[in-house]
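Enquirer: I have a structure I would like to understand better, so I am pasting it below and will then ask my questions one at a time.
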Amino acid sequence: YNVLGVAPVRCRENLNTTTNPMAAGLSMTLGIVSNIIALIILAKAYAHLRKRSKATFLLFASSLVATDLAGHVIPGALVLRLYISGTAGGLCNQSDATCHFLGGSMVFFGLCPLFLGCVMAAERCMGVTRPLLHARMVCTAHTKIVLVMIWLLALSVALLPFFHLGTYIYQFPGTWCFINVLDNTSITDVIFVLLFSGLGLAALAMALVCNTISGVTLVIARLRKKKCHQRSAKSHDIEMVAQLVGIMVTSCICWCPLIYFVSRAMNETLMVMGVRLATWNQILDPWVYILLRRAVLKKIYRITTGRSDLKGSTFRRSHRSKENKCCFGLGFNKLVCSCSGLTCTFSFGDSL
């Protein structure tokens, strides 16, 4: 708008002479390399898979990393194009086809990791607290259906401005597009902002509750030191919950500032800081999985405890022996089965 003879400010004119695509290019490259490394590790882990519950988690984790990789390549390429070409779509409060696509991509790739982290936390919570129900209800086919539903939900939210329910505009300094929260906002813009912020915060809150329940359950099980507990299963549970907690903490740190700035319609500088911090979520997510694997956790255990062996440790890898033991709960007693070769003997043990 031209007010009192003052010419409208173009987004590109807000860029100072020192602005260059170096930072955006480095961030994009680092994100791509990190996610590719994580995908390779996930593929190797899936190839050596022995547990059905772990298969579901690895499928979710692979989808999260693949989504983060696409979230770096697609929006990153458009941002670099705007940096290099210098054609940032004219006025800051206007948009074009590129802006709509870039804004939709940022909303889609912003919500997907939050939704995936929430669903992964819920799946692990069921696996830890209700293992029989988890084994009966959760399978690869159901996991794929849930993944498709998550992507469709995020896509539906991202496409709302195409149906005039919200607006994507160029944001300062004109190299990225997002929801209109600063200039001439309409009621649909406000609703769109509240929907985006509400879904993101709800996903983070749900992940927090589920991870807390899973963590408390594992701690209680560890303190009880139940006999005949399968150490390998317990080790896998702790590994997966540790990774989920890391993903949740990373998402909270990276996304909460942007969600807060968007919901409160903060100034341009804070918005830029928020979106830059949010992009680090897609860089750190794969490293959470890489660094919080069982092999790394075992090394941390050795360093912190000063022990070279893992005897008695939760992270000790179980090995098959000539004598295997299992236990079954029968009322207030447990039936202990000791097998050696082809011979099995049964006896009643202590009370549960």
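Enquirer: Go over the candidates VAL119, VAL107 one by one and state the one that is among the β-branched types (Val, Ile, Thr) and under 23 Å from GLN171 (Cβ atoms).
Expert: Details: VAL119 fails: under 23 Å from GLN171 (Cβ atoms).
The unique qualifying residue is VAL107.
Enquirer: Can you name the residue in segment 154-164 that is without any contact (Cβ under 8 Å) to a residue 40 or more places away in the chain and surrounded by fewer than 17 Cβ atoms within 10 Å (Cβ to Cβ) and is also nearest to the chain's Cα centre (by Cα) among such residues?
Expert: That would be SER156.
Enquirer: Kindly establish whether THR212 is without any contact (Cβ under 8 Å) to a residue 24 or more places away in the chain and hydroxyl-bearing (Ser, Thr, Tyr).
Expert: Details: without any contact (Cβ under 8 Å) to a residue 24 or more places away in the chain: yes; hydroxyl-bearing (Ser, Thr, Tyr): yes.
It is true that THR212 is without any contact (Cβ under 8 Å) to a residue 24 or more places away in the chain and hydroxyl-bearing (Ser, Thr, Tyr).
Enquirer: In segment 279-301, is there at least one residue being part of a helix (DSSP H, G or I), in the same structural domain as ILE32 (by TED's automatic domain parsing) and in contact with a strand residue (DSSP E or B) (Cβ under 7 Å, 6 or more places away or on another chain)?
Expert: For segment 279-301, residues part of a helix (DSSP H, G or I), in the same structural domain as ILE32 (by TED's automatic domain parsing) and in contact with a strand residue (DSSP E or B) (Cβ under 7 Å, 6 or more places away or on another chain): absent.
Enquirer: In addition: Between ILE169, ILE187, which is surrounded by 15 or more Cβ atoms within 10 Å (Cβ to Cβ) and either in contact with a helix residue (DSSP H, G or I) (Cβ under 8 Å, 6 or more places away or on another chain) or without any contact (Cβ under 8 Å) to a residue 12 or more places away in the chain (or both)?
Expert: Within the list ILE169, ILE187, the selection yields ILE169.
Enquirer: Quick check on ASN211: is it farther than 27 Å from THR56 by Cα and either in the same structural domain as GLY110 (by TED's automatic domain parsing) or of a type in the set (Asp, Glu) (or both)?
Expert: So ASN211 fails the test.
Enquirer: Take segment 246-278 and flag every residue that is assigned to a loop (DSSP other than H, G, I, E, B) and of a type in the set (S, T, N, Q).
Expert: Within segment 246-278, ASN267 is the sole residue that qualifies.
Enquirer: Can you say whether ILE303 is over 28 Å from PHE115 (Cβ atoms), of a type in the set (A, V, I, L, M, F, W, C) and modelled with pLDDT of 75 or more, as far as the supplied structure shows?
Expert: yes
The values are calculated or read from the model by the stated rules, or taken from the named source; none is laboratory data. Values in this document were obtained by computation on a predicted structure and should not be read as measured data. A quick note on method: Cβ atoms are made from the backbone with ideal geometry, for glycine too, and the neighbour counts reach across all protein chains shown.
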